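One structure is given here, and the rest of the page talks about it.
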Amino acid sequence: MEVLNGIYEMTAFGAIADDPWSIVMIVLALFLLYLGIGKKFEPLLLVPIAFGVLLANFPGGNMGVIPSDETNGIMHLTIIEIAKDYGIMNMLYYLLIKTGLLPPLIFMGVGALTDFGPMLRNLKLAYFGAAAQIGIFVVLTAAVTLGFTLKEAAALGIIGGADGPTAIYTAIVLAPHLLGPIAIAAYSYMALVPVIIPFIANLTMSEKEFRINMREQDKLYPPTVHIKNLKLLKIVFPIVLCVIVSLLVPSSVPLVGMLLFGNLVKEIGTDTNRLFTAASETILNTATIFLGLTVGATMTSATFLQSQTLMIIVGGFLAFCLSVGGGIFAVKLHNLISKKKINPLIGATGLSAVPMSSRVANELALKYDSSNHILQYAMSSNISGVIGSAVAAGVLISFLS
Amino acid sequence: MESNLSNALLLLLIGMSTVFVILFIIVMGGNFLIRLVNKVDLDVHEVPFTKIKTEILSPSSEAAIHAVVNVLTQGKGKVENIEKI
């Protein structure tokens, strides 16, 4: 009998019976895996996050992230002590996430995969990337009225920026205890961009607006500035942009600076090709794996199954919708005062989620007019949205941290 | 609660203004850069893409060979002739 008891205690069954809520988390992990693998919802991040949730919720594996508090004082331990006492997942979390290392590394990779060409060709459209940040701040205000602290509300609102690494970075700095649900909400809604943008666009746009043809508008009102040397411009631009942002919002430099560095090594070309390959493949992929697993491992039943989580899921959705709507209404406002009309779908792409939101907007425009290819125009607002959300995060961090 | 709300509204104002100002500077700075770069007459060391008279390759395969040589030699190499061995 003692042997049988020993075998029972060796397995996770006993601990699961003591904490049945962990079964809910395991089911949630399996559902997220289904979304990532079966439905292809952002599989590159959702699969590692879901697997992290799965690993963290089997008792005895020592893979769940334990928040640092006064009693355990994890933050004051060395990395070796954390690994020895709390397991390797906690070591990875405190080394890579708590220090805020991984989101900037991912931004470097994103920068290496970003082309500023469309933005430089249509610079004026960059303003709509600013308008589409409204969801962040409106939801921040609403969350405060619901009882969230300012820091928590800011971390929740940043989901409206539709930028996973930015949301995670802000949550790490301002509300690390909400990191799991915020990451899940941010990446889930990014995966739902093909549903959210058409939903908001159909609610707010007329058929006439869907049919605004950007190329015809360009022929009627040609751009005044022409680029003669795009290659040189694309090399100089990230350097100048880095200087501007570093001077005005230094707290956003870890994100924007790394994004621009990644972009610079791409644009230089063959001379820095090895750095480009490392940033866009090796480092980006490695960082994505560890980010996903460790963020997933923060979602144990004790930290995730709270009323706040539901509010984060709802608040994140509202922030997303408001950001899309903000961009659309900014274009509508522009069209009221300008002769040259812009398709409001360009504004809808002002939230980040590059390049999916641009692709979705392009497909929507093509439904109404098969010759209306707005992808290049949408990318301008889309890329400026990445910068806009990183700057918004910088403002929140500098005021609240 | 009220002070939190007023702080949140202040953040809304400051945050949105900052994002607009930064993107305004980026647009203005970008336009300035375009004009500046347009004026610069660069001595671009690009390897000329010489058309090779050959009947053994399709134009796309020839372009692929040029691109590979360009990457491997870091822009210094030049394809002069392609022969079937």
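The values are calculated or read from the model by the stated rules, or taken from the named source; none is laboratory data. Predicted model, so just to flag it, every value in this text is computed and none were measured. We place every Cβ from the backbone using ideal geometry, glycine too, and count neighbours over all the protein chains shown. Each accessible area value is taken on the protein alone, full model and side chains, heavy atoms only, with ligands, DNA and RNA left out. Shrake-Rupley method; radii C 1.70, N 1.55, O 1.52, S 1.80 Å.
Near the amide H of residue A:42, within less than 5 Å, lie no amide hydrogens of residues on another chain or at least 5 residues away, with H placed in the peptide plane.
3J(HN,Hα) along segment A:393-401, derived from phi through the Karplus expression 6.51 cos²θ - 1.76 cosθ + 1.60 where θ = phi - 60°, amounts to 4, x, 4, 4, 5, 5, 7, 10, 7 Hz, with x in place of Gly and Pro. Put simply, the protein assembly as shown fits an ellipsoid with semi-axes of 42, 30, 22 Å; these come from the alpha carbon gyration tensor as the roots of five times its eigenvalues, largest first.
Beyond a 18 Å Cα-Cα separation, which of these cross-linked pairs lie in this structure: A:124/A:219; A:219/A:341; A:219/A:332? Distance filter (> 18 Å) returns A:219/A:332. Using a probe radius of 1.4 angstrom, the carbon and sulfur fraction of the accessible surface of the protein assembly as shown is 66%. Remark: C-alpha extents of segment A:243-357 on the principal axes read 51, 47, 29 Å, sorted largest to smallest.
Residues in segment A:120-129 carry Karplus couplings, in order, of 5, 6, 10, 4, 4, 5, 5, 4, 6, x Hz; the curve used is 6.51 cos²θ - 1.76 cosθ + 1.60 with θ = phi - 60°, and Gly or Pro positions show x. The reciprocal of the average 1/r between distinct C-alpha atoms defines the Kirkwood hydrodynamic radius, which for segment A:137-241 equals 17.3 Å. Across chain A, where is the longest run that never hits trypsin sites (Lys or Arg not before Pro) in a DSSP loop with at most 15 other C-beta atoms within 10 Å? The longest uninterrupted stretch comes out as A:41-210. For segment A:200-213, 3J(HN,Hα) computed residue by residue from phi via the Karplus equation (6.51, -1.76, 1.60; θ = phi - 60°) reads 6, 5, 5, 6, 10, 10, 8, 4, 4, 5, 4, 8, 4, 8 Hz, glycine and proline entered as x. Compared with the dominant Cα axis of chain A, that is its longest principal axis, helix A:134-145 is turned about 40°. The C-alpha atoms of chain A define a longest principal axis, and helix A:307-337 lies at about 0 degrees to it. Shape class for segment A:100-167: oblate, because the ratio a/c of the largest to smallest gyration tensor axis (alpha-carbon atoms, square roots of eigenvalues) is 1.5 or more and b/c is at least a/b.
Based on DSSP H runs of at least 4 residues, each adding -39500 (n - 2.57), what is the mean residue ellipticity at 222 nm of the protein assembly as shown after dividing by all its residues, to the nearest 500 deg cm²/dmol?
Details: 27 runs with 331 residues, N = 486.
That calculation yields -21500 deg cm²/dmol at 222 nm.
Quick one: which of A:208/A:228; A:98/A:151; A:151/A:234; A:39/A:98 span more than 25 angstrom between C-alpha atoms?
Working: A:208/A:228 35 Å; A:98/A:151 16 Å; A:151/A:234 36 Å; A:39/A:98 31 Å.
As for pairs spanning more than 25 Å Cα to Cα, those are A:208/A:228; A:151/A:234; A:39/A:98.
According to the square roots a ≥ b ≥ c of the eigenvalues of the Cα gyration tensor, what is the shape class of segment B:1-42, taking rounded for a/c under 1.5, prolate for a/b larger than b/c otherwise, and oblate for the remainder?
Details: a/c = 10.89, a/b = 7.60, b/c = 1.43.
In terms of gyration-tensor shape, prolate.
The charge dipole of segment A:2-400, taken about the Cα centre with unit charges on the Cβ atoms of Lys, Arg (+1) and Asp, Glu (-1), comes to about 2020 debye, rounded to the nearest 20.
Annotation: amide H-H contacts under 5 Å for residue A:306 (H modelled 1.01 Å from N, sequence separation of 5 or more, or interchain): none. Among the chymotrypsin sites (Phe, Trp or Tyr not before Pro) in segment A:262-321, none is located in a DSSP loop while being surrounded by at most 10 other Cβ atoms within 10 Å of its own Cβ. Once the Cα atoms are used to define both axes, helix A:43-56 deviates from the longest principal axis of chain A by about 20 degrees.
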